Amino acid sequence: MITSSDISARVKEVQKRIAEAAVRSKRQPSEITILAVTKTQPVEVLRAAHEAGLRDFGENRVQEALEKIGALPTDIRWHLIGQLQTNKINKILHQFVLVHSVDSLQLAEALSARLGNGNQDILLEVNSSGEPSKAGVSPMEAIETAEKIERLPGLKMRGLMTVGPLTEDPGKQREAFKILKGLFDSARTKSWVPKNFSILSMGMSGDFETAIEEGSTLVRVGTAVFGPRA
Ligand SMILES: *Cc1c(COP(=O)(O)O)cnc(C)c1O
């Protein structure tokens with residue numbers, strides 16, 4: 001298994017690559033948050049990532065996340081990044097600082113209906129590559145859907161999220177990220193968009209540098225920190 005000194009070294013390496021990509025694009029490294037994607041990783045590995053200074057952790061599956069939340073320090077900010085089924089909504093209430101994977105108006109309505117008097121920060125997931133296997137609303141309908149979601153009680157739209165295309169071609173990756181950044185900028189000119197609509201969640205281990213060059217403010221990094229998943 002990967003040791004805590006391995007993880008600490010890998011975190012430093014990722015931080016260095018983030019800083020370099022930020023500087024290349026005339027941005028401040030501090031504008032970019034690292035979200036450690038911890039799916040399939042055991043609790044001890046997460047503890048090592050916490051010791052290495054990471055505080056934002058992202059999980060894909062609700063059940064797996066809840067088990068880890070109970071076992072780890074309470075200063076961790078948990079993010080839900082995987083597909084959320086409506087029958088799991090009750091379990092996620094008050095557990096996650098941010099749900100990245102709101103991928104339809106229907107899901108947003110179901111979430112809003114169950115929140116009661118509570119609030120939930122969310123991102124709208126956009127299918128920026130158009131790959132049929134990918135979740136998210138199409139770029140064409142993104143702004144309109146975002147406005148409808150923002151009007152639902154309890155949901156706080158904080159920005160947009162995308163999963164880049166399944167390719168190692170940086171040109172294709174860049175194209176998808178440019179689409180999301182364009183939507184983000186255009187949303188921010190609308191009167192209904194809240195002031196803190198400021199999160200652009202894009203970039204994973206294989207494409208986070210390109211994503212940062214295109215304006216990402218949060219990169220979701222799994223294997224670059226933890227090595228290959230079991
Ligand atoms: C697994 C996953 C990641 C992290 O992927 P890596 O390639 O391991 O960095 C990021 N975002 C989402 C939505 C994921 O499911």
Would it be correct to say that ILE199 is farther than 18 Å from LYS172 by Cβ, buried (at least 19 other Cβ atoms within 10 Å of the Cβ) and away from the ligand (no atom under 12 Å from the Cβ)? yes
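Is at least one residue of the stretch 114-123 in contact (Cβ under 8 Å) with a residue 40 or more places away in the chain, exposed (fewer than 15 other Cβ atoms within 10 Å of the Cβ) and either within 16 Å of the ligand (Cβ to nearest atom) or within 19 Å of the chain's Cα centre (by Cα) (or both)? Please lay out each step first, then the result.
First pass over the stretch 114-123, keeping only residues in contact (Cβ under 8 Å) with a residue 40 or more places away in the chain: 115, 123.
Still in the list and also exposed (fewer than 15 other Cβ atoms within 10 Å of the Cβ): none.
Among the residues of the stretch 114-123, not one is in contact (Cβ under 8 Å) with a residue 40 or more places away in the chain, exposed (fewer than 15 other Cβ atoms within 10 Å of the Cβ) and either within 16 Å of the ligand (Cβ to nearest atom) or within 19 Å of the chain's Cα centre (by Cα) (or both), which makes the answer no.
When the residues of the stretch 59-72 are narrowed to those that are within 16 Å of the ligand (Cβ to nearest atom) and not acidic (Asp, Glu), which ends up surrounded by the fewest Cβ atoms within 10 Å (Cβ to Cβ)? Let's see the steps before the verdict.
So the first thing to find is which residues in the stretch 59-72 are within 16 Å of the ligand (Cβ to nearest atom), and the list is 59-65, 68.
Filter once more, so that each one left must be not acidic (Asp, Glu): 60-63, 65, 68.
Numbers: ASN60: 17, ARG61: 15, VAL62: 20, GLN63: 10, ALA65: 24, LYS68: 20.
Step by step, filter the stretch 59-72, then rank; the result is GLN63.
Quick one: is ALA49 within 16 Å of the ligand (Cβ to nearest atom), of a type outside the set (S, T, N, Q) and touching a Gly at 6+ places or on another chain (Cβ under 8 Å)?
Working: within 16 Å of the ligand (Cβ to nearest atom): yes; of a type outside the set (S, T, N, Q): yes; touching a Gly at 6+ places or on another chain (Cβ under 8 Å): no.
The answer is no for ALA49.
Quick grid of which residues meet (1) more than 19 Å from SER205 (Cα to Cα); (2) exposed (fewer than 13 other Cβ atoms within 10 Å of the Cβ); (3) at pLDDT below 95:
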{"position": "ALA19", "(1), (2), (3)": "no, no, no"}
{"position": "VAL23", "(1), (2), (3)": "no, yes, no"}
{"position": "HIS50", "(1), (2), (3)": "no, no, no"}
{"position": "PHE57", "(1), (2), (3)": "no, no, no"}
{"position": "PHE96", "(1), (2), (3)": "yes, no, no"}
{"position": "LEU105", "(1), (2), (3)": "yes, no, no"}
{"position": "SER112", "(1), (2), (3)": "yes, no, no"}
Of the conditions (1) outside any loop (DSSP other than H, G, I, E, B); (2) under 20 Å from the mean Cα position of the chain (by Cα), GLU44 clears all except one; give me its number. (2)
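Residue by residue through the stretch 28-46, note down the ones that are away from the ligand (no atom under 16 Å from the Cβ) and in contact with a Leu (Cβ under 8 Å, 6 or more places away or on another chain). It would help to see each step written out before you state the result.
Narrowing the stretch 28-46 to residues away from the ligand (no atom under 16 Å from the Cβ): 28-31, 43-44.
VAL43, the sole residue that qualifies.
Could you please give the count of residues in the stretch 202-215 that are among the acidic types (Asp, Glu) and either surrounded by fewer than 14 Cβ atoms within 10 Å (Cβ to Cβ) or more than 15 Å from GLN28 (Cα to Cα) (or both)? Show your work before the answer.
Initial filter on the stretch 202-215 (among the acidic types (Asp, Glu)): 207, 209, 213-214.
Next, only the ones that are either surrounded by fewer than 14 Cβ atoms within 10 Å (Cβ to Cβ) or more than 15 Å from GLN28 (Cα to Cα) (or both) stay: 207.
Residues flagged as among the acidic types (Asp, Glu) and either surrounded by fewer than 14 Cβ atoms within 10 Å (Cβ to Cβ) or more than 15 Å from GLN28 (Cα to Cα) (or both) within the stretch 202-215 amount to 1.
Within the stretch 216-230, how many residues are surrounded by 21 or more Cβ atoms within 10 Å (Cβ to Cβ) and either within 6 Å of the ligand (Cβ to nearest atom) or over 9 Å from ALA36 (Cβ atoms) (or both)? Quick ask: steps written out before the conclusion?
In the first step, residues of the stretch 216-230 are kept if they are surrounded by 21 or more Cβ atoms within 10 Å (Cβ to Cβ); the result is 216, 218-222, 225-226.
Add one more test, that the residue is either within 6 Å of the ligand (Cβ to nearest atom) or over 9 Å from ALA36 (Cβ atoms) (or both), and what stays is 216, 218-222.
Looking only at that region, the number is 6.
Would you confirm whether any residue within the stretch 130-153 is part of a loop (DSSP other than H, G, I, E, B), away from the ligand (no atom under 16 Å from the Cβ), exposed (fewer than 14 other Cβ atoms within 10 Å of the Cβ) and of a type in the set (S, T, N, Q)? First the steps, then the outcome.
As a first pass, look at the stretch 130-153 and keep what is part of a loop (DSSP other than H, G, I, E, B): 130-136, 138, 151-153.
Remaining after also requiring away from the ligand (no atom under 16 Å from the Cβ): 130, 132, 138, 151-153.
If we keep only those that are exposed (fewer than 14 other Cβ atoms within 10 Å of the Cβ) as well, we get 130, 132, 138, 151, 153.
So of that shortlist, the ones also of a type in the set (S, T, N, Q) come out as 138.
Looking for residues that are part of a loop (DSSP other than H, G, I, E, B), away from the ligand (no atom under 16 Å from the Cβ), exposed (fewer than 14 other Cβ atoms within 10 Å of the Cβ) and of a type in the set (S, T, N, Q), one finds at least one in the stretch 130-153, hence yes.
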Sole exception among (1) more than 15 Å from the ligand (Cβ to nearest atom); (2) out of contact with any Asp or Glu (no Cβ under 6 Å at 6 or more places or on another chain) for SER25, by number: (2)
Single residue of the stretch 84-96 satisfying the filter (within 16 Å of the ligand (Cβ to nearest atom) and outside any helix (DSSP H, G or I)) that is nearest to the chain's Cα centre (by Cα): PHE96
Does the stretch 73-83 contain any residue that is open to solvent by 40 Å² or more (accessible area, probe 1.4 Å) and assigned to a helix (DSSP H, G or I)? no
Take MET161 and tell me if it is within 13 Å of the ligand (Cβ to nearest atom), open to solvent by 50 Å² or more (accessible area, probe 1.4 Å) and in contact with a strand residue (DSSP E or B) (Cβ under 9 Å, 6 or more places away or on another chain). no
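The values are calculated or read from the model by the stated rules, or taken from the named source; none is laboratory data. Quick caveat, the model's predicted, so the values are computed rather than measured. Cβ sites come from the backbone with ideal geometry, for glycine too, and all protein chains shown count toward neighbours. Heads up: the accessible areas ignore ligands, DNA and RNA and are worked out on the full protein's heavy atoms, side chains in. Shrake-Rupley method; radii C 1.70, N 1.55, O 1.52, S 1.80 Å.
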